[in-house]
Amino acid sequence: MLSRWSIPFFFSVFSFNAVAQTPVVSQDSLDVLLDQSYDYAYDYDYKNSLIATHALVEIATRQQDNYFATSGYLRLGSVYTAMEDTAKSKEYYFKALDYAQRTKNDSVIAGVYNDLGNMYIEALDDVDTSIEYYKKSIELRKKVDPKELRSVAAYMNIGWTYMDLVEPAKAHPYLLKAKELADGRDIHPLYFLNIDVLFGRYYYFTEDYVRAIAILEQSAKDAEEGNFLSQASESHHYLSMAYEKVGNLTASLANFKKHKEFDDQLHKINRDQKLLEASSKFQLEQTEKDLKLVTAEKAYTDVMVKKSRQMTIIFVASSAILLVALLSLFLLFADRKKFIRVLREKNRELIKAKEQAERLSKLKTQFFSTISHELRTPLYGVIGLSSILLEDKELAGHKEDLKSLKFSADYLMALINDVLTLNKSDANGMKVEKMPFRLDKLVQNVTKSCTYGLQQNNNKIQVRIDDDIPKHLLGDSVKLSQILMNLVGNAVKFNENGTIEIIIKLVERTSDGLCVVKFFIKDNGIGIPKEKQKAIFEEFSQIENSNYNYQGTGLGLPIVKKLLAIHNSEIELDSEVGAGAIFSFTLDLAVNPLQNDDLLESTYQDVPFNTLPSFDNVHILIVDDNKINQKVTQKILEKRNFSCTLADDGLEAVKIAQAKDFGLILMDVHMPNMGGMEATRAIRSFNKDVPIIALTAVEIEEIKSEILSSGMNDIILKPYDVSQFLTTILKNLGTVAAY
């Protein structure tokens, strides 16, 4: 590594003037002390350098001259760095930073940050902290002057550090910036030489050997002419390796010999320096002891001079304080009694308010659970019947009306789901599930659900999924569907005669097997003003536009934000008025190791009723207290030639199941006389094999564990998608593979 300390003055970057506050000792005298400190250190006379610097620091701190205090502590830090006393070096550098910040001068602070970067890389070999301080120095320099010449040091130091780590791509922009600032400026020639050497190393590491050789030949020549041994050695070293790479072994050997010559000279100089340093270190230790003794004696003298006066002041002050304290204690005691009474009353009120809030929260949760069941149950009938009627060829003339009916029911169902999601997120009742799914099928279902809206606004939808994303994944497909439904639905509503794009890209595969996947939902609609882009993620917020009469609830985007929050992700928005919008987010999805569910997932996707297989020999018991829902389920199954028997409650279902064998039982959870879970436990007492699937309109998360522990095999949430409903039945019948 080329020594950064070999560049004079510029790397320490303290070449500005400061005005002291009415000093007793003139600034000229302080400058002399500072110069002496530098001169002694340059000659490895650390003893006298330390004496001069301590004198400087003592005067500067007494006179509150923050600039010279900063300079003094920096000099102390550099002396102890040279003496390899890292602890003291670090202590003095941070004292320098403290006084630099008191100057409120960005140039002064930037200079200390640069020196801290040097200390961390040279003394502590802490690359990350070093680069952090260099960057802080650069930012402060930019505030003073974007073309500040003294920024060259920090830019070059960062580039130098990355080159030593053999990370040329990271080093390159900093080297370019250093060269840009230095070119044509009055600056020490060693700067240009070091920049050239670093560029030569960059081209070598990036395998551009021709350019590396060209620049290193010139830097070697300049270094030899200027008697810069370290740079000459480094230039010939990399020239030797570059010539070897291009097959010119003669030139490689010649440069290697020159590298060794300069390296030997450097070693000799370093040995001499080490001897001087060793001698100075011994003297320094004695000097430190003398300084401590002098400091202690001075402090003792000062204390004795002030002691008598202080004792008098302390006695008078103590008497006054004691009198005031006694009076205050009396008043405080009286106020305390009053305060305790008020505090007790407030505590009683707070406890009462807390109990009331908890009661209302429970009532709210119970209300949403009840209303969910009561709304989903009739919706099951509406959605189910409209789906069946859409397949009836005799009603082809009413197809558009039936589509409108189903769209309205689906919209109402989505609204119910949004309200319930919002309630659960406010109550911290949501958690991320980890279930197998196929991303392409999930996106396909989302786009299908938006078909009616696309037709209404004459929009098109395009889907692009990265081929590198595995088909079989593990994650919370329900919440992901809800996120995409809200984002795609939002794009459809605020777009006319346009295109909505769903773009899904693989960002990376992590070492622990996760796929980092980024989703983009892009439209070319009305766009969102910058000043409203934050507000649209607030509940019940809407973007108003005279060309669009759709208003909605304003719940979609806030729900997306909440759902992503529980995935430790965030929604991002890029939009301008009239130029559309791009919503994006990132999820970590696991790869499903059991990649054998292609057929299961695709069995009923986009397949018409009249082309699916028949199951004449399968008899299903449908248990539901709602007659309409019974009929809807029966019609769906009988279209597949399943045989069906109906039961109105759990008690009747147990009796029928005892009298007859069934291939599968569909069991509603909430029923009069006997509920579905109680009926399941009763059936399991005499039939442990028949698949029993729960039908429920209640949120699954609320009762999932209870349902499965009762003996049921699976759960279907009402109202359900017909293809998913049939796929779940086939999965539990174990007939998917045959199909």
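The values are calculated or read from the model by the stated rules, or taken from the named source; none is laboratory data. As the structure is a computational prediction, the values presented were derived from the model and not from experiment. With ideal geometry, Cβ positions are generated from the backbone for all residues, glycine too; neighbour counts draw on all protein chains shown. Surface accessibility is based on the protein's heavy atoms, side chains included, excluding ligands, DNA and RNA. Shrake-Rupley method; radii C 1.70, N 1.55, O 1.52, S 1.80 Å.
Here are a few things to note about the model shown:
- Criterion (surrounded by 14 or more Cβ atoms within 10 Å (Cβ to Cβ), among the acidic types (Asp, Glu) and in contact with a helix residue (DSSP H, G or I) (Cβ under 7 Å, 6 or more places away or on another chain)) met by exactly one of Asp164, Asp196: Asp196
- Taken over the range 483-505, the criterion of being open to solvent by 30 Å² or more (accessible area, probe 1.4 Å) and within 21 Å of Met435 (Cβ to Cβ) is satisfied by Met485 alone.
- Exclusive hit being surrounded by 16 or more Cβ atoms within 10 Å (Cβ to Cβ) and closer than 14 Å to His619 by Cβ, set Leu646, Leu651: Leu646
- Residue match in the range 181-193 (condition: within 20 Å of Ile121 (Cα to Cα), surrounded by 15 or more Cβ atoms within 10 Å (Cβ to Cβ) and without any contact (Cβ under 8 Å) to a residue 60 or more places away in the chain): no
- So Glu261, is it at pLDDT 90 or above, over 27 Å from Leu175 (Cβ atoms) and surrounded by fewer than 18 Cβ atoms within 10 Å (Cβ to Cβ): yes
- Some residue of the range 61-79 being buried (at least 24 other Cβ atoms within 10 Å of the Cβ), part of a loop (DSSP other than H, G, I, E, B) and out of contact with any strand residue (DSSP E or B) (no Cβ under 9 Å at 6 or more places or on another chain): yes
- Residues of the range 654-688 satisfying the condition of being open to solvent by 60 Å² or more (accessible area, probe 1.4 Å) and more than 17 Å from Asp714 (Cβ to Cβ): Lys655, Gln658, Ala659, Lys660, Asp661, His670, Pro672, Asn673, Glu678, Ser685, Phe686
- Hits in the range 675-695 - residues which are without any contact (Cβ under 8 Å) to a residue 40 or more places away in the chain and within 43 Å of the chain's Cα centre (by Cα): Ile693, Ala694
- Considering the range 10-38, and only residues there that are open to solvent by 60 Å² or more (accessible area, probe 1.4 Å) and at pLDDT 80 or above, the residue that is farthest from Asp106 (Cα to Cα) turns out to be Gln36.
- As a summary of the residue check, Asp145 satisfies the conditions (1) on the phi < 0 side of the Ramachandran plot; (2) touching a residue at least 12 places away in the same chain (Cβ under 8 Å) except for the one numbered (2).
Conditions (1) touching a Gly at 6+ places or on another chain (Cβ under 9 Å); (2) small (Gly, Ala, Ser), marked per residue:
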| residue | (1), (2) |
| --- | --- |
| Val210 | no, no |
| Ile213 | yes, no |
| Phe228 | no, no |
| Ser235 | yes, yes |
| Val246 | no, no |
| Leu249 | no, no |
| Ser252 | no, yes |
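- Pairs where the first residue, in the range 568-581, is within 18 Å of Leu484 (Cβ to Cβ) and part of a loop (DSSP other than H, G, I, E, B) and the second is open to solvent by less than 90 Å² (accessible area, probe 1.4 Å) and of a type in the set (D, E, K, R), C-beta under 9 Å, 6+ apart: Gly580/Lys522; Gly580/Asp523
- Val152 falls short on exactly one of the conditions (1) surrounded by 22 or more Cβ atoms within 10 Å (Cβ to Cβ); (2) under 30 Å from Ala87 (Cβ atoms), and that condition is (2).
- Selection within the range 99-133 - open to solvent by 50 Å² or more (accessible area, probe 1.4 Å), touching a residue at least 12 places away in the same chain (Cβ under 8 Å) and either within 21 Å of His54 (Cβ to Cβ) or not acidic (Asp, Glu) (or both): Arg102, Asn105, Leu124
- Within the range 443-462, considering residues that are open to solvent by 70 Å² or more (accessible area, probe 1.4 Å) and not in a helix (DSSP H, G or I), the one farthest from Phe520 (Cα to Cα): Asn458
- Screening Ser710 with (1) of a type outside the set (D, E, K, R); (2) open to solvent by less than 20 Å² (accessible area, probe 1.4 Å); (3) within 27 Å of Lys639 (Cβ to Cβ); (4) modelled with pLDDT of 90 or more gives one miss only, at (3).
- Within the range 620-633, the set of residues being open to solvent by less than 30 Å² (accessible area, probe 1.4 Å) and without any contact (Cβ under 8 Å) to a residue 24 or more places away in the chain comprises Gln630 only.
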